[in-house]
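Values quoted throughout were computed directly from the atomic coordinates according to the rules given, and no laboratory measurement underlies them. Just so you know, these numbers come straight off a predicted model, no measurement behind them. As a convention, Cβ positions derive from the backbone with ideal geometry for all residues, glycine included, and neighbour counts pool all protein chains shown.
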Amino acid sequence: MSAYLNEMANAVTISESDDETRLVRVDKIASSTINLGLTHEFEITRKCEAREGNVVIVRTLTDNATYNTIELVTGRMAKINPGDIIAGVLGYRRALKGFVGDIPEKVEAGDRLHLLNLGGLIGRCLGHHHSLNNAIEVEVIGMPVSDGRILNIAQHAVALSDRLDCSAPLIIVAGTCMNSGKTYAATEIIKHLARAGVRIAAAKLSGVACLRDTLNMEDHGAIRTMSFLDCGLPSTVKLDDLAPMAKGVISKLSEVEPDCVVIELGDGILGGYGVDSIFADEELMKSCAALVFCANDFVGAWGGRELLAERGITIDVVSGPVTDSQMGADYVMKELGVPAANAVNDGERLAKLVKENIEKWSR
């Protein structure tokens, strides 16, 4: 797992001899800090530490016409204004159609970094998709401290687990990349199964910290939702194995006694967020009753089938933009031999196919 989860015991301790602390009031608290239950006033230190998951207080310096909002801990989206004081979290991002950023080796008060996502991840932007303006630049003010230690979102995290303590079947929604229809497919499945009286828990187990998708799952009928953020992870970049995190989250969700657990895997089965490690875990795959794969086009659908087949994994339903037209759905069904269901036009059929697979798995 990422180094900061294994090294929390070695976190920097701040004392009066190290650095003078002071009170700061922030304008906006980003959703990536939600585990800590922060208030708007912080005691901060200027002695910072470049550790993934550390909370960092920054002042916005620039604007961005296409990426100028931040998700608050309430889930509400708020406009970012130059000069805002924001509480965010140090983290990595590897978005194919967004920002790419790292945590620098050293972070000091006065440094200029960037806002990397809606959830308030802070890092050094290395590049971005051509459709976006430059990332909003921020100035580091300091890091909040409590009991002499810098706050880190791993401090109130769900424990990782080596075993899956959940008897409910898993419905896994994966795809070729971001923006391939995964969240829409997951929420349509949740909506129609919930309307049929199924108790559903849901999780997002890869990607970058943001509450939007899990809140969307709740809005469509999930009785409880969680994500990698609940395990103290600002993103799943640089994780070699997501399985211990996934098992910890799913086992925690089992406490509400769901009939099934819908899982969305953010990003694609290839990429920088470690999604492939989920498919490499035998215990998780044995609990998977239905695998829904979302693709943008024929090549993506075919490639997803081939890549997963190499691991002995079969796709149960194809969805996403490739099924937006009858031509695409026909190709998937006739040429790939996989059922196809468009989440936008026929979410009820998608849920029906998933339910049939759950019943087959249960038998």
- [ ] Quote the FRET efficiency, to the nearest 0.05, computed for His40 versus Lys334 with a Förster distance R0 of 41 Å and r equal to the Cβ-Cβ distance.
- [x] 0.10
- [ ] Calculate, axis by axis, the spread of Cα positions in segment 170-362 along the three principal axes, and write the results as whole Å, longest axis first.
- [x] 43, 37, 30
TODO: Take every Cα pair under 8 Å in segment 3-155 that's 6+ residues apart, average their separations, divide by the length, and report that relative contact order as a whole percent.
DONE: 31
Task: Cβ-based net charge around Ile200, under 11 Å, with every Lys or Arg adding one and every Asp or Glu removing one - done: +2
Task: Karplus 3J(HN,Hα) series, Hz, for segment 345-352 with 6.51 cos²θ - 1.76 cosθ + 1.60 (x for Gly, Pro) - done: 8, 8, x, 5, 5, 4, 5, 5
- [ ] Kindly state, to the nearest 0.05, the FRET efficiency for Asp346 paired with Glu257, given R0 = 41 Å and r defined as their beta-carbon distance.
- [x] 0.85
Task: Gain on full stretching of the segment that runs from Asp111 to Asp165 - 0.36 nm per residue minus C-alpha separation - done: 15.0 nm
Task: Nearby aspartates and glutamates by direct alpha-carbon distance to Lys252 (threshold 15 angstrom, same-chain neighbours under 8 apart not counted) - done: Asp162, Asp165, Asp230
TODO: Express the relative contact order of segment 115-266 as a whole percentage, based on alpha carbon pairs under 8 Å and six or more residues apart in sequence.
DONE: 33
Open item on the list: Out of the GluC sites (Glu not before Pro) in segment 255-363, which ones are loop residues according to DSSP with at most 13 other C-beta atoms within 10 Å?
Closed with: Glu310
Task: Links that overshoot a 27 Å alpha carbon limit, given the list Lys106/Lys182; Lys28/Lys191; Lys286/Lys352; Lys247/Lys334; Lys191/Lys286 - done: Lys106/Lys182; Lys28/Lys191; Lys247/Lys334
Open item on the list: Which of Met327, Met178, Met143 has the fewest other C-beta atoms within 10 Å, and how do the rest follow up to the most?
Closed with: Met327, Met178, Met143
Task: 14 Å Cα-Cα reach of Lys97 towards aspartates and glutamates, excluding residues that sit fewer than 8 places from it in its own chain - done: Asp267
Task: Sites Asn133 and Asp324, calculated FRET efficiency, Cβ-Cβ separation with R0 25 Å, nearest 0.05 - done: 0.30
TODO: Any chance you could run the full-extension gain for Thr62 through Ala50? It's 0.36 nm times the residue separation minus the Cα-Cα distance, nm to one decimal.
DONE: 2.1 nm
Task: Under Karplus coefficients 6.51, -1.76 and 1.60, residue-wise ³J(HN,Hα) of segment 40-49 in Hz, glycine/proline x - done: 7, 10, 10, 8, 10, 10, 8, 7, 8, 9
Task: Protection proxy ranking, peptides 111-121, 196-206, 213-223, average beta carbon neighbours within 10 Å, highest first - done: 111-121, 196-206, 213-223
